[in-house]
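Q: Okay, handing you the structure first.
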Amino acid sequence: MKIKRILKWSFSAISLVLLLWLFIAYWASTNDCNRNAAAPTNPMKAIRYCEYGSPDVVKLDDVQKPVPDDNQVLIKIRAASLNALDAYMIRDAWLNRLIFGLRKPRDTRLGRDVAGQVEAVGKNVTQFKPGDEVFGICRGSLAEYAVTPERALVIKPLNISFEQAASVSLAGLTALQGLREGKIQPGQKVLINGATGGVGTFAVQIAKSFGAEVTAICSTRNLDLIRSIGADRVIDYTKEDFTKSDQRYDVIFDNVCNHSFTERRRVLTPKGICVLAGMGGAGVKEGQAIGRIAGNLFIARGLSSFTDQKFAQYMTKMSKQDLIMLGELIQAGKVRPVIERTYKLNDAPEALRQLDAGHARGKLVITIG
Ligand SMILES: NC(=O)c1ccc[n+]([C@@H]2O[C@H](COP(=O)([O-])OP(=O)(O)OC[C@H]3O[C@@H](n4cnc5c(N)ncnc54)[C@H](OP(=O)(O)O)[C@@H]3O)[C@@H](O)[C@H]2O)c1
């Protein structure tokens with residue numbers, strides 16, 4: 001009886017402590033939006049999101065210009081591009097609250113892809129000097145300046161603009177690393193679903209550069225665009241369902257994941273690989289994306305263990321080597337970044353709304369300065 005009572009009391013005490021901790025963690029999770037009421041001493045313009053919500057929460061603010069530490073490069077940003085990640089981060093989703101801050105986003109900066117000029121370097125930086133034109137990945141690229149480690153940057157190819165260079169990094173890395181997951185080989189038949197978006201336009205061109213025969217899936221308005229970047233065959237998804245055809249593919253690079261596993265297995269060769277690049281689907285759908293990703297992960301793991309056809313999942317990784325390779329493909333004219341539209345920094349909310357719709361034609365780029 002006594003032990004039972006002790007256990008009951010212990011359980012209540014632990015629950016109380018946990019509740020208290022959750023309450024404190026929730027209220028302590030804040031950001032610098034209100035704390036820095038005084039004007040920044042060395043200001044710059046930057047896009048911030050102080051609350052979770054729709055693209056309407058995103059605003060242009062004066063913030064403190066960053067200072068590089070010993071291992072960082074300070075970039076004067078000329079252009080930045082948007083990715084599905086940027087649109088997703090601002091959403092009021094429970095996973096975002098767990099990862100980025102319970103009550104408010106801890107880090108209010110937005111944007112990853114960047115192109116610009118090196119303004120200053122930390123004392124341990126050896127690969128860059130002020131004036132170098134670079135592109136790569138940083139935190140908070142929707143701003144006039146940002147800092148990033150030198151391993152996240154490479155020299156910009158001479159034959160492209162800052163806008164084009166800014167559109168390369170995350171989408172190009174996702175396409176390149178995903179095609180590698182598919183173990184792409186010259187002469188193979190490769191199908192790209194969602195071929196005209198940010199990732200898809202890179203995937204089509206990179207697959208061609210590997211010597212694959214590429215079939216691209218897109219809507220009617222994008223038929224000419226996709227032919228212009230080198231697809232061998234084009235299927236208009238508003239008129240034909242690729243999973244119903246007799247054609248088989250060695251690799252399916254799937255940016256949309258809008259067909260069942262059975263349907264996709266039907267059009268894979270017996271040892272074919274389907275790369276699940278866009279498990280959350282095209283555009284950001286609140287509430288749906290997490291469920292879809294979890295379902296895709298679970299079924300893909302199971303199927304890949306029991307059949308010769310594989311469903312590959314991966315997370316895009318920052319790789320300097322891969323950024324260099326993308327730069328070389330661009331320099332050689334084998335890959336051309338496709339840009340739907342450029343926006344001014346204060347039009348970032350409009351660009352995010354456009355990305356949310358899930359029908360971007362190539363990349364949406366923000367021009368800065
Ligand atoms: N694995 C990773 O680490 C990683 C990294 C980055 C991105 N991603 C994911 O990759 C996916 C693609 O990203 P993105 O930047 O390319 O997106 P995006 O630029 O928004 O492009 C979406 C594309 O999907 C197409 N689409 C929409 N509905 C379609 C349908 N029913 N059938 C076929 N195509 C359809 C659109 O073409 P139309 O306009 O012709 O409809 C558009 O080309 C996203 O889900 C993103 O989250 C994953």
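The values are calculated or read from the model by the stated rules, or taken from the named source; none is laboratory data. Remember, predicted model here, so these are calculated numbers, not experimental data. Neighbour counts run over all protein chains shown; Cβ positions are idealised from the backbone, glycine included.
Q: If you go through segment 235-268, how many residues are free of Cβ contacts under 8 Å to residues at least 60 places away in the same chain, more than 12 Å from the ligand (Cβ to nearest atom) and of a type in the set (A, V, I, L, M)?
A: Result for segment 235-268: 1.
Q: Right, LEU276: under 16 Å from the mean Cα position of the chain (by Cα), of a type in the set (A, V, I, L, M), within 15 Å of the ligand (Cβ to nearest atom) and farther than 18 Å from VAL190 by Cα or not?
A: no
Q: Next up: Just for segment 210-234: of the residues that are more than 8 Å from the ligand (Cβ to nearest atom) and of a type in the set (D, E, K, R), which one is farthest from ASP250 (Cα to Cα)?
A: The selected residue is ASP224.
Residue-by-condition table, conditions (1) farther than 30 Å from ALA294 by Cβ; (2) of a type in the set (S, T, N, Q):
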| position | (1), (2) |
| --- | --- |
| PRO68 | yes, no |
| LEU95 | no, no |
| LEU102 | no, no |
| PRO105 | no, no |
| ALA115 | yes, no |
| GLN127 | yes, yes |
| SER141 | no, yes |
| LEU158 | yes, no |
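Q: Being part of a helix (DSSP H, G or I) and within 15 Å of the ligand (Cβ to nearest atom) is the filter; apply it to segment 87-98 and report the residue that is farthest from LEU355 (Cα to Cα). Quick ask: steps written out before the conclusion?
A: Of all residues in segment 87-98, those part of a helix (DSSP H, G or I) come to 87-89, 94-98.
Remaining after also requiring within 15 Å of the ligand (Cβ to nearest atom): 87-89, 95-96.
Details: ALA87: 7, TYR88: 10, MET89: 13, LEU95: 20, ASN96: 18 Å.
So the residue we want is LEU95.
The rows are residues; the columns are (1) part of a helix (DSSP H, G or I); (2) modelled with pLDDT of 70 or more; (3) surrounded by fewer than 10 Cβ atoms within 10 Å (Cβ to Cβ).
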residue: ARG5; (1), (2), (3): yes, yes, yes
residue: LYS8; (1), (2), (3): yes, yes, no
residue: PHE11; (1), (2), (3): yes, yes, no
residue: LEU16; (1), (2), (3): yes, yes, no
residue: LEU19; (1), (2), (3): yes, yes, no
residue: ALA39; (1), (2), (3): no, yes, yes
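Q: Can I ask one more? Could you grab me the full set of residues in segment 319-369 that are β-branched (Val, Ile, Thr), more than 24 Å from ASN222 (Cβ to Cβ) and touching a helix residue (DSSP H, G or I) at 6+ places or on another chain (Cβ under 7 Å)?
A: Within segment 319-369, ILE368 is the sole residue that qualifies.
Q: If you take the residues of segment 350-369 that are more than 8 Å from the ligand (Cβ to nearest atom) and not hydrophobic (A, V, I, L, M, F, W, C), which of them is farthest from TYR237 (Cα to Cα)?
A: This residue is GLY369.
Rundown of residues vs (1) modelled with pLDDT under 95; (2) in a helix (DSSP H, G or I); (3) of a type in the set (D, E, K, R); (4) under 21 Å from ILE137 (Cβ atoms), yes/no style:
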residue: ALA282; (1), (2), (3), (4): yes, no, no, no
residue: SER304; (1), (2), (3), (4): yes, yes, no, no
residue: ARG341; (1), (2), (3), (4): no, no, yes, no
residue: ASN346; (1), (2), (3), (4): no, yes, no, no
